[in-house]
Structures are given as structure tokens and as C-alpha cells.
Amino acid sequence: MTRVYLALGSNLGDRLAHLQGAVDALRASGRVQLIALSRVYETDPVGGPEQDAYLNAVVAIDTDLEPRMVLDLAHQLEERAARVRTVHWGPRTLDVDVLLYGDVHVNEDDLTIPHPRMWERGFVLAPLRDVAPELVDAQASWPGVREAAVALRS
């Protein structure tokens, strides 16, 4: 089993329901064990067109899936949430990014692990700090990232 960290984000429709649906599907998967779930953060959008705020979370899972299969699972979760890819960095019902896969490094056209911009994004680092505090500076803070007054069920 390998420890994997996934970032979840949503800014269209029922944002919390989209995140919860992803967590529920991960928990129901026979190949994934949910280890930890961050708090939910509301974050200002970064890059892309003008759009509404996101809800973001990070989950830690243990899995025997290979990195490519974890990416496939992420895409399945997005499809279940009816994600439509029309505008790069545009609004979405659900975005699932593979942040870390153990200590494995992958550099392919459609999969880079560790995620190439994760260390620059407060909307990833704040929830990652919840589930893996040893990976993130405990004193860091990020403008535009605030804890939401909602929670996901693990």
C-alpha cells in the first residue's frame, strides 16, 4: 500500500456535495483506504477566468493502485460530478489532483507527481497541512484561503 494525497476542489453547483461525493466514492472503492480528511477551505480562484470561490480539501488515502490508475480514479470521480472541461483553469463541479504518491516521481505528459504547482498554492497547502503537517510549514498562511464553516464526513 502507498500513501497518496489527493486535492479536491469545487466551485460550481453544490460545492460541498461534490466534495462529499468524491469522499464517499473513495471510501466505497475496494482499492482505497481513506486515512485522513482535511477541513474544508473556501478559497479565492487562482488564475483562469473570473469565477466564484472554491471549496477545497485534501484526502490522504492508502492504495495498491499504481499512479496511472490513481489518475484514472481521479478522472472517474470528476466524471461522476459531471465535470465539463471547456476553459483551462475555469470553473468546475469537481477537480481532483494527485499531489503525492509516496516518494514516487512521475513526469509524463498528463501526469506529474509530485504535482508541479502544489507548493505554490495555498488552497492545496492549507488542507494538506491538516492531513500531513510534517509536509507543510506550520507557521505559513496564505491570503485568500479561509476555513469554511462546513465539514466533510469521513
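The values are calculated or read from the model by the stated rules, or taken from the named source; none is laboratory data. No experiment lies behind these values; they were computed from the predicted model shown. Positions of Cβ are backbone-derived with ideal geometry, glycine not excepted, and every protein chain shown enters the neighbour counts.
Report the residue count in segment 21-38 for those that are at pLDDT 95 or above, surrounded by fewer than 18 Cβ atoms within 10 Å (Cβ to Cβ) and assigned to a loop (DSSP other than H, G, I, E, B). The qualifying residues number 0. Look at segment 116-135 and say how many of its residues are surrounded by fewer than 18 Cβ atoms within 10 Å (Cβ to Cβ) and under 22 Å from Pro45 (Cα atoms). The number of residues fulfilling the criteria is 4.
Here the condition is being surrounded by fewer than 20 Cβ atoms within 10 Å (Cβ to Cβ) and either under 24 Å from Arg3 (Cβ atoms) or over 15 Å from the mean Cα position of the chain (by Cα) (or both); of Val104, Val58, Val98, it holds for Val104 alone.
It is to be established whether one or more residues within segment 104-120 are in contact (Cβ under 8 Å) with a residue 12 or more places away in the chain, more than 12 Å from Arg39 (Cα to Cα) and of a type in the set (Lys, Arg). The answer is no, given that none of the residues of segment 104-120 is in contact (Cβ under 8 Å) with a residue 12 or more places away in the chain, more than 12 Å from Arg39 (Cα to Cα) and of a type in the set (Lys, Arg). Residues that are within 16 Å of Ala22 (Cα to Cα) number at least 2 in the following strands (runs of 3 or more DSSP E) confined to segment 57-117: 95-101.
So which residues in segment 136-149 are on the phi < 0 side of the Ramachandran plot, assigned to a loop (DSSP other than H, G, I, E, B) and out of contact with any Leu (no Cβ under 9 Å at 6 or more places or on another chain)?
Across segment 136-149, the qualifying residues are Ala138, Gln139, Ser141, Pro143, Ala149.
Taking every residue in segment 3-30 that is touching a residue at least 24 places away in the same chain (Cβ under 8 Å) and over 22 Å from Ala132 (Cβ atoms) and pairing it with any residue that is among the polar types (S, T, N, Q) and buried (at least 24 other Cβ atoms within 10 Å of the Cβ), at least 6 positions away or on another chain, the pairs with Cβ-Cβ distances below 7 Å are His18/Ser10. Inspect all residues belonging to segment 41-51 and state whether any of them is modelled with pLDDT under 95, of a type in the set (Phe, Trp, Tyr) and either in contact with a Pro (Cβ under 7 Å, 6 or more places away or on another chain) or in a strand (DSSP E or B) (or both). No, segment 41-51 has no match at all.
Based on this model, can you work out whether Leu152 counts as in a strand (DSSP E or B), touching a residue at least 40 places away in the same chain (Cβ under 8 Å) and either of a type in the set (A, V, I, L, M, F, W, C) or touching a Cys at 6+ places or on another chain (Cβ under 7 Å) (or both)? Taking the combined requirement at face value, the residue does not satisfy it.
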